[in-house]
1. So what is the relative contact order for the chain, in percent, with contacts set as C-alpha pairs under 8 Å and at least six apart?
2. At 10 °C and 1.306 mPa s, grab the translational diffusion coefficient of the chain from Stokes-Einstein with a Kirkwood Rh over Cα pairs, rounded to a whole number in µm² per second.
3. Need the C-alpha centroid separation for region 167-240 versus region 42-80, integer Å.
4. Can you list, largest first and rounded to whole Å, the semi-axes you get for region 1-142 by taking the square root of 5 times each eigenvalue of its Cα gyration tensor?
5. Have a look at 120, 62, 176 and tell me which one the Gaussian network model of the chain (Cα, springs below 10 Å) gives the largest fluctuation.
6. Restricting the count to DSSP beta bridges whose residues both fall in the chain, what percent are antiparallel, rounded to a multiple of 5?
7. Quick one: length gained pulling residue 158 to residue 141 fully straight, 0.36 nm per residue minus the C-alpha distance?
8. Rounded, prolate or oblate: pick one for region 5-82, where a ≥ b ≥ c are the square roots of the eigenvalues of its C-alpha gyration tensor, a/c under 1.5 means rounded, and failing that, prolate if a/b is larger than b/c, else oblate.
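Just so it is clear, none of the values below were taken in a lab; they were calculated from the coordinates. Bear in mind that the values here come from a model prediction, so they are computed numbers and not experimental data. Positions of Cβ are generated from backbone atoms using ideal geometry, with glycine treated the same way; all protein chains shown enter the neighbour counts.
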Ligand SMILES: [Fe+2]
């Protein structure tokens, strides 16, 4: 019987990674917590986008996944069972992004993206976790399943570095809690763009207020990532 570490070291392809994540004998919580690196945790806000369209009508529609349901699209079986045991749901309503919001990903220079609108309604909360970018991998699985996988970076080996960011689709309202350990992103304005070290940062969210909390979640590679690391705040205009 192989140990979890031995199984991890045997991952060679993207398909092996998916099989590993879906392995029911693996303790999801222990595995997920092993990704945390406090020295390399956190978030930063390197851009703002002016003149974003309003998401208010879109988030009032029926979501693809509801905040209070558990769904195998966003969780592995063992992850889902643990969430069920502790009464957690998905944590946010997941909506498909239409053309207006997909445009934001190209405006920022993303390629090969996965783009979703995550709206956290009042009363919802998301359990603490580290991301596995399984959404991106699942959405492209037919194309990339035999590609080599980088277990250090936790992404396909022959891809450019994968980034993940959130774009605020509305201003922050009191009661909206977004914890990228060890800090909190708070008092954001509509159009603020927040990147975080997704490979190593434990994060969790809750909406204890009375306003929806819509964020655009973008995962993908960047044509030129230099602006993300420039230490400055870049200004984009949606209408450019
Ligand atoms: Fe996450």
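1. Working: 487 pairs, mean separation 76.2, N = 240.
Once normalised by length, the contact order is 32 percent.
2. Numbers: Rh = 18.5 Å.
D, rounded to a whole number, is 86 µm²/s.
3. 12 Å
4. Numbers: eigenvalues 173, 76, 48 Å².
They are 29, 19, 15 Å, listed from largest to smallest.
5. So, out of 120, 62, 176, the one fluctuating most is 62.
6. Numbers: 40 of 44 bridges.
Antiparallel: roughly 90 percent of the beta bridges in the chain.
7. Working: separation 17, 0.36 × 17 = 6.12 nm, distance 1.43 nm.
Extra length available between residue 158 and residue 141 comes to 4.7 nm.
8. On the way: a/c = 2.51, a/b = 1.53, b/c = 1.64.
Oblate, because a/c is 1.5 or more while a/b does not exceed b/c.
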